[in-house]
Each structure stands twice: as C-alpha cells, then as structure tokens.
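Down below is the structure, laid out as structure tokens.
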Amino acid sequence: MTRWVDLSRPVGPGMPVFPGDPGFAAEPAATVAGDGFAVTRLHLGTHTGTHVDAPAHVVPGGPTVEELPLELFSGTALVLDVRGRAVIEAEDVRPAAGARIVLLRTGWDGFAGTGREFDHPFLTAAAARALRAGGTRTTGIDAASVDGPGTLAAHRVLLGTRPDPGVVVENLRGLEGLPAEVEFCAFGWALTGGDGSPVRAVARPAR
C-alpha cells in the first residue's frame with residue numbers, strides 16, 4: 001500500500017498564526033509524575049495551523065463543521081500547479097473543471113516562519129467562481145488564506161451554501177511532492193457550532 005504523506009503544519013508554541021487570531025499555548029493540566037497520567041490544556045483558535053473553514057466562517061447562518069457531509073473532507077483530489085502566480089485568476093483554475101477537490105500548489109509553504117507567509121498568492125473572486133462552476137466543493141491551498149489582504153471575497157464564493165456548501169482547507173504543506181491526482185483526507189473535529197477546525201491533512205497517489 002502506498003504510504004500516506006502528511007500535509008499538515010506542526011502545531012506548537014511559537015508557531016505563526018493569522019494576524020489577529022489567538023496564539024497557540026499549551027500547559028500541563030496533569031502529569032504522570034504528579035497524577036499518574038498526563039493531560040495538556042490547550043489554547044488555540046479554530047483556524048490554527050492546517051485547518052478547514054466551514055461556511056459559518058463567513059456566511060451568516062451557514063453550516064458549521066459538524067453539520068457538513070464527511071464527503072467534503074476526503075476523496076480524489078486534483079493537485080493544480082499555480083506556482084509563480086501572485087494572483088490566481090479564473091483561467092489558472094479552469095484546468096480543474098470537473099474535480100470535486102482541488103489542491104492549489106503555490107509553493108508558499110516554503111515561507112513559513114520567514115515573515116513572508118502572509119504576503120501570499122491568493123484567488124480572485126472570479127477564480128473562486130470558476131472553481132465552483134466547475135464542480136469543486138473542497139478547495140485547499142498551501143498558503144495562509146485563499147484571499148488577499150482586506151477581503152474575504154474568495155471565501156464567500158468557495159464556502160457559499162447554494163446549491164451546496166463548500167469548504168476551504170488552508171495552510172497545507174508539501175504539495176510539491178505530490179502527483180497530479182491523489183487520495184486526500186482532511187478531517188477536523190466534530191466541533192459543535194464550529195466555524196472551522198484544525199485538521200490532519202494527508203494524501204497519497206490515487207490508485
């Protein structure tokens with residue numbers, strides 16, 4: 001069986017988070033030495049590290065994480081190479097037509113921790129509309145966001161609930177090592193009322 005590849009960013013103290021989001025912190029709530037077992041108390045936002053955005057992230061009354069069909073978080077995915085594009089336009093994503101899950105390989109995961117991770121490529125609203133029109137319901141990207149500074153236009157299109165909700169998976173890494181078609185999984189928490197959730201994203205070549 002072909003080995004799964006981890007596409008998730010490590011989560012731990014000092015990791016970069018989106019400006020304005022809660023920082024990550026962890027502290028012992030119980031220890032093996034003192035209590036006979038270990039429990040760690042976590043503080044983090046729902047969009048920490050590699051994570052999924054549910055429609056409720058930007059759509060008033062939109063579905064939350066636990067309300068979404070599990071099929072949105074796994075299946076055959078197309079890895080679309082858009083490296084070198086500072087702005088991803090509709091014509092850049094038209095080759096993805098017919099793919100239910102599209103992973104956008106920008107190469108920007110290589111800038112994690114350098115101070116440039118938030119100066120990343122992004123989709124225009126027209127590109128987002130082209131993806132949804134082509135049948136895409138799950139859009140992943142190896143950058144901090146599908147949107148550029150000061151806008152959520154691509155989010156609103158990709159997560160739109162009519163006729164079917166979509167999801168966005170952000171902060172992927174390691175897409176450069178994948179073939180054009182993969183099996184992809186990115187399941188998060190069944191978080192009641194969750195506008196998003198950290199995920200463990202993995203992929204392997206499609207059979």
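Remarks
- 222 nm mean residue ellipticity, helices alone, for the chain (DSSP H n ≥ 4; -39,500 (n - 2.57); rounded to 500): -2500 deg cm²/dmol
- Bridges between two residues of the chain, per DSSP, are antiparallel at a rate of about 65%.
- Other residues whose C-beta falls under 12 angstrom from the C-beta of R9 contribute a net charge of -3, scoring Lys and Arg +1 and Asp and Glu -1.
- Most fluctuating residue given options A29, A99, A154, as computed from a GNM of the chain linking Cα atoms under 10 Å: A29
- Förster radius 41 Å - calculated FRET efficiency between E176 and D35 (Cβ-Cβ, nearest 0.05): 0.40
- Per-residue extension of 0.36 nm, minus the Cα-Cα distance of V17 and R207, leaves a gain of 64.9 nm for this segment.
- Comparing G98, L72, A30 along the charge dipole axis of segment 1-157, the residue lying farthest to the positive side is G98, per the Cβ-charge model.
- Packing order of peptides 44-54, 12-22, 65-75, highest average first: 44-54, 65-75, 12-22 (average count of other Cβ atoms within 10 Å over each peptide's residues).
- Added length on full extension, which subtracts the Cα-Cα distance from 0.36 nm per residue, T161 to A133: 8.8 nm
- Heavy-atom accessible area per residue - the chain, 1.4 Å, Å²: 48
- The charge dipole of segment 119-207, taken about its Cα centre with unit charges on the Cβ of Lys, Arg, Asp and Glu (plus for the first two, minus for the last two), comes to roughly 280 debye.
- Computing FRET efficiency as 1/(1 + (r/R0)^6) for R85 and R116, where r is the C-beta to C-beta distance and R0 is 25 Å, gives about 0.95.
- The alpha carbon centroids of segment 1-66 and segment 157-207 are separated by 15 Å.
- Placing +1 on the Cβ of every Lys and Arg and -1 on the Cβ of every Asp and Glu, with nothing else charged, gives segment 19-107 a dipole about its Cα centre of roughly 260 debye.
- All Cα-Cα separations within segment 76-137 were binned at 10 Å from zero, giving a P(r) of 24, 50, 23, 4, each value a whole percent of the pairs.
- Stretchable slack from A25 to W189, in nm (0.36 nm times residue separation minus alpha-carbon distance): 57.2 nm
- All-pairs Cα distance distribution in segment 168-207, expressed in whole percent, bin size 10 Å: 25, 48, 21, 5
- About its Cα centre, the chain has a charge dipole of approximately 380 debye under the convention of +1 per Lys or Arg Cβ and -1 per Asp or Glu Cβ, with nothing else charged.
- Distance-filtered residues of segment 167-203 - backbone nitrogen under 14 Å, label point 7 angstrom along W4 Cα→Cβ: 183-189, 199-203
- Sequence-ordered 3J(HN,Hα) estimates for segment 138-147 from the Karplus curve with 6.51, -1.76 and 1.60 and θ = phi - 60° stand at 10, 10, x, 8, 8, 9, 5, 7, 7, 10 Hz, glycine and proline given as x.
- Rotationally averaged projected area of segment 129-207 (alpha carbon convex hull; nm²): 6.4
The values are calculated or read from the model by the stated rules, or taken from the named source; none is laboratory data. Since the structure is predicted, the reported quantities are computational estimates derived from the model, not experimental observations. Here the Cβ is made from the backbone with ideal geometry for all residues, glycine too, and neighbour counts use every protein chain on show. In case anyone asks, the SASA skips ligands and DNA or RNA and just uses the protein heavy atoms, side chains included. Shrake-Rupley method; radii C 1.70, N 1.55, O 1.52, S 1.80 Å.
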